[in-house]
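The values are calculated or read from the model by the stated rules, or taken from the named source; none is laboratory data. Fair warning: this is a prediction, and the values are worked out from it, not measured in the lab. As a convention, Cβ positions derive from the backbone with ideal geometry for all residues, glycine included, and neighbour counts pool all protein chains shown. Accessible surface areas use protein heavy atoms only, side chains included; no ligands, DNA or RNA. Shrake-Rupley method; radii C 1.70, N 1.55, O 1.52, S 1.80 Å.
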Number of protein chains: 2
Amino acid sequence: MSTSSPAVAVPTHWYNITADLPKPPPPPLHPGTGEPIQPADLAALFPKALIAQEAASESYIEIPEPIRDIYATWRPSPLFRATRLEQELGTAARIYVKYEGASPVGSHKVNSAVAQAYFNADDGVTTLTTETGAGQWGSALAFACAMFGIDLEVWQVKASYATKPYRRHLIETYGGTVHPSPSELTESGRAVLADDPDSPGSLGVAVSEAVEVAASNPAARYALGSVLNHVLLHQTVIGQETIAQLRAAGEDSVDVIYGCAGGGSNLAGLAFPFLREVLHERAATRVVAAEPSACPSLTAGEYRYDHGDLAGLTPLLKMHTLGQDFVPSPIHAGGLRYHGMAPLLSHAVELGYVEGQAISQQDAFAAGILFSRTQGIVPAPEACHGLAAAVADLRGSSTPTAVVLGLSGHGQLDLPAYAAYLAGELTDT
Amino acid sequence: MSTSSPAVAVPTHWYNITADLPKPPPPPLHPGTGEPIQPADLAALFPKALIAQEAASESYIEIPEPIRDIYATWRPSPLFRATRLEQELGTAARIYVKYEGASPVGSHKVNSAVAQAYFNADDGVTTLTTETGAGQWGSALAFACAMFGIDLEVWQVKASYATKPYRRHLIETYGGTVHPSPSELTESGRAVLADDPDSPGSLGVAVSEAVEVAASNPAARYALGSVLNHVLLHQTVIGQETIAQLRAAGEDSVDVIYGCAGGGSNLAGLAFPFLREVLHERAATRVVAAEPSACPSLTAGEYRYDHGDLAGLTPLLKMHTLGQDFVPSPIHAGGLRYHGMAPLLSHAVELGYVEGQAISQQDAFAAGILFSRTQGIVPAPEACHGLAAAVADLRGSSTPTAVVLGLSGHGQLDLPAYAAYLAGELTDT
């Protein structure tokens, strides 16, 4: 019998792992001075509440009622036991799946988007800017901005804007505006176009455009969908719900958590509440961060200070990085094509609480097909990486472990990638 | 505060409205003899259990455990109060939304697909055939067949096969096979192609191809996604859950139910459990069946015996029909482009328990945009028709009614239609 644990409540607080870590994460540095960044340095880009959360030291931060009100339309998100996958793998493990794809936009991204839109609206901000690649974050923020009456301008990497129109249409359906990046609307965009009028764009350029517009408009701010501490914080509703749902299902401890990691917010949101128990020596849960072998920041990157964008406008962040100018191959898991890893998650890796694992695109889609045909949900290509890591570990295992798979979103807007895989057209690079 | 009522259980039985109707619905007639059809006449197409359900007289039919087990991965489906839509409409009505889009394929179709696949597998059937237009039904059945190890062959209307590949990819991801219809694989298909090699196909031809293949293979059966009694029966989990969820939210009665109606299964599934209370004179709930003005079987069709397909191979069904050769305009709500209405729903209309209402495509998409920007869920174009009927009735209303909107699915694979609407490119025909 599948386990659905609907009696669990939506969390009232976000969990801040910083409060429980044995040593604090290295601070972000100002890109000009190289000194630790001050809250005032961030005021042009983010509202007060998010800046405070970025440096918060308390263990729990209350979730305002208007945010919980919107969370309640799809949260608590489903947790179910993947019994048919267990049978197919011939494993003695009990596999639980925490599924974020039932959200209005089909991924976990809304957990932070709703919070960011609320705190900006509460601070009098009337316009948000952001960048997006394939459009997961852009569409999540468009949803959230519609809920709180904020205008949204999205710079979408031109290659995706042209070839993957569905999420662009989703942003527009919510009332947001989408610009292909590089655009003629910013100095950053015009500079790139002057050099190469046919530039397909990149996330790095799109960040620069969105930041430039926000910084030049006092009523506008900028929003980022991963990497930063406050984004990871907002995602901790996932892990808190999972712990409560597992208890309701009679599982008091978890042996391993598997999830995908691009910027890191989805995995951190699931794992950090479990790591709280590990940090207090009440549990011994392993956390596996599955990343694409085409963009392996944890398994092949360096742990050092680096910029978050190509142009070097953002603060320097201590993280696992492939270098700010690293350009990953065009794999289908667009959400995992980032050169760095969230500083908090990188810190947890350095301390030994999280381990990276690189997964090939072929193995990822094979796991996605297996999951689709056993459990019935087509996973987002990003999420397939976490599934593949679990499948490799658990197939034929006679150890009765309890494991949790984080399924960050559905793949209904990524079906052409599945078709390409089934047709044998995908490569690993 | 939005109302989410997760403490409600998945129903253990389906509700059969036939048992409570003041007079029975007119029986289906054999296409050759014109006499009421006998169970044996259907044995080549359907498994025993479904044939029995088609003519069942008991009020409740138990849902087998393996079906409930799969239902439990997304059911009970969400019920929430649409407070932001209420504010936008300036209405005193309390608007509740029952949302089927959180299912693995994004619509209500899986409720019957899982049941049909189970009963076929239980009867030793190894292959199912079906037709699909835009692909909602085909993808739902592909999901269900994957769960029970049944091979699936889908004939998809060639126009959709070529222009709307996402749901075709979804069927293939689940392991199903998709043939563009008309195909060279059947006599019916070859006959059409001989006449017109460039035929874009139609649901009528696709039905004929799927039926022909099932009838010629003893291990194969045919599956239909709407119209028939057993399909409506399976959908009654929707309404039963809604009643329980409303009670948990403190609502003991509902004044009006709004839903879209193409073949009729989604609306019947929501409304019939409420009509049970009306039939027993314990409630006075109105039921509004919203249909496209481009395909208005209830509001402009005749109530008479007609075939379910173009070629006249199916039994004669007493229903509201625009004629078996009616070809609706190519509106985007593909699921509502059917010439007839389910006999049971038609019968309920004739008895005065359900009222039809025609909605233009423009009004439907306008309601879809309004709903997206207030409640955050982009509705399927089909579902927009029910929303539009509710919006027209409730805007500015000072009457504190309690209403339920049936939201049969999400529109993430229909986003190009929203883009066309926003660009002013849609017409009403």
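In whole angstrom, note down how far apart the Cα centers of the range A:34-71 and the range A:86-121 are.
Comparing the Cα centres of the range A:34-71 and the range A:86-121, I get a distance of 22 Å.
Place a +1 charge on the Cβ of each Lys and Arg in the range A:72-133 and a -1 charge on the Cβ of each Asp and Glu, then give the dipole magnitude about the Cα centre in debye, rounded to the nearest 20.
On the way: 6 positive and 6 negative charges, 76 e Å.
Dipole magnitude for the range A:72-133 comes out near 360 debye.
Using the alpha-carbon centroid of each, what span in Å lies between the range A:364-390 and the range B:361-400?
35
Give the whole-number value, in cubic angstrom per residue, of the convex hull volume spanned by the C-alpha atoms of the range A:110-224.
Details: hull volume 8.7 nm³, N = 115.
Given the Cα convex hull of the range A:110-224, per-residue volume reads 75 Å³.
I need the calculated FRET efficiency for the pair A:THR126 and B:ARG282, taking r as the beta carbon distance and R₀ as 51 Å, to the nearest 0.05.
Values: r = 50 Å, r/R0 = 0.99.
Working from the Cβ atoms, E equals 0.50.
Identify all lysines with a Cα-Cα distance to A:LYS48 below 29 Å; exclude those on the same chain that are fewer than 8 residues away in sequence.
In chain and number order, the partners are A:LYS23, A:LYS109, A:LYS318.
Near B:THR127, within a Cβ-to-Cβ distance under 11 Å, what is the net charge of the other residues, with Lys and Arg +1 and Asp and Glu -1? Intermediate values should be presented prior to the final figure.
On the way: positive: B:ARG221; negative: B:ASP151, B:GLU153.
Counting the neighbours of B:THR127, the net charge comes to -1.
Starting from the Kirkwood radius over alpha-carbon pairs of chain B, derive D by Stokes-Einstein at 20 °C in a medium of 1.002 mPa s and give it in µm² s⁻¹. Don't jump to the answer; show the numbers that get you there.
Values: Rh = 21.4 Å.
Taking Rh from Cα pairs, D becomes 100 µm²/s.
Mind checking which helices in chain B clear 15 Å along their axis (Cα) and have mean Kyte-Doolittle hydropathy of 1.0 or more, DSSP H runs only?
Details: long enough: B:110-122 (17 Å, 0.18); B:136-148 (19 Å, 1.18); B:203-215 (18 Å, 1.51); B:237-248 (17 Å, 0.37); B:265-279 (19 Å, 0.95); B:361-375 (20 Å, -0.07); B:381-394 (20 Å, 0.79).
Result, helices passing both filters: B:136-148, B:203-215.
Report the accessible area of B:LYS318, computed with a 1.4 Å probe over the heavy atoms of all protein chains in place, in Å² rounded to the nearest 10.
In the full protein context, B:LYS318 sits at about 50 Å².
For peptide A:102-108, what's the mean number of Cβ atoms from other chains within 10 Å of each residue's Cβ?
Details: counts 9, 3, 10, 5, 3, 0, 0.
Mean shielding count: 4.
Size of the dipole of the range B:110-224 about the Cα centre, Lys and Arg at +1 and Asp and Glu at -1 on the beta carbon, nothing else charged, in debye to 20? Each step should come with its number before you reach the end.
Working: 6 positive and 13 negative charges, 79 e Å.
My answer is approximately 380 debye.
For B:GLU86, B:GLU35, what's the largest-to-smallest order of accessible area, 1.4 Å probe?
Values: B:GLU86 20, B:GLU35 110 Å².
The residues order as B:GLU35, B:GLU86, largest area first.
For the pair A and B, how large is the buried accessible area, both sides, in square angstrom to the nearest 100, if the probe is 1.4 Å? Could you put the intermediate results ahead of the total?
Details: alone 16150 and 16170 Å², together 28460 Å².
Interface between A and B: roughly 3800 Å².
Counting only C-alpha contacts under 8 Å and six or more residues apart, can you give the relative contact order of the range A:120-177 as a whole percent?
41
Over the range A:110-224, what is the relative contact order in whole percent, taking alpha-carbon pairs under 8 Å and six or more residues apart?
Details: 221 pairs, mean separation 35.6, N = 115.
Relative contact order of the range A:110-224: 31 percent.
Would you mind calculating the gained length between A:ARG304 and A:TYR60 on full extension (0.36 nm times residue separation, minus the Cα-Cα distance), in nm to one decimal?
Values: separation 244, 0.36 × 244 = 87.84 nm, distance 2.85 nm.
Residue separation times 0.36 nm, minus the Cα-Cα distance, leaves 85.0 nm.
Using only alpha carbon pairs under 8 Å that are at least six residues apart, calculate the relative contact order of chain B and give it in whole percent. Show your work: numbers first, answer last.
Working: 951 pairs, mean separation 84.3, N = 429.
Reported as a whole number, the value is 20 percent.
Consider all pairwise Cα distances in the protein assembly as shown and report the whole-number % of them above 40 Å. Mind showing how you got there, number by number?
Details: 128879 of 367653 pairs.
The calculated P(r) of the protein assembly as shown puts 35 percent of pairs beyond 40 Å.
In Å², and per residue, what accessible area does chain B have when probed at 1.4 Å with the other protein chains present? Don't jump to the answer; show the numbers that get you there.
Working: 14240 Å² over 429 residues.
That works out to 33 Å² for each residue.
Would you mind telling me the share, in percent, of accessible area of the range A:374-429 contributed by carbon and sulfur at probe 1.4 angstrom?
Carbon and sulfur together cover 52 percent of it.
Leaving out ligands, DNA and RNA, and with a 1.4 Å probe, what % of the accessible surface on the range A:1-130 is carbon or sulfur? Please list the in-between numbers first.
Details: 2590 of 4740 Å².
Carbon plus sulfur share of accessible area: 55 percent.
Would you mind calculating the gained length between A:ALA162 and A:THR33 on full extension (0.36 nm times residue separation, minus the Cα-Cα distance), in nm to one decimal?
Numbers: separation 129, 0.36 × 129 = 46.44 nm, distance 3.89 nm.
Full extension of this stretch gives 42.5 nm more.
Considering only A:THR127, B:ALA220, A:VAL114, whose Cα is most displaced toward the positive end of the charge dipole of the protein assembly as shown, charges sitting on Cβ of Lys, Arg (+1) and Asp, Glu (-1)?
So the residue furthest toward the plus end is A:VAL114.
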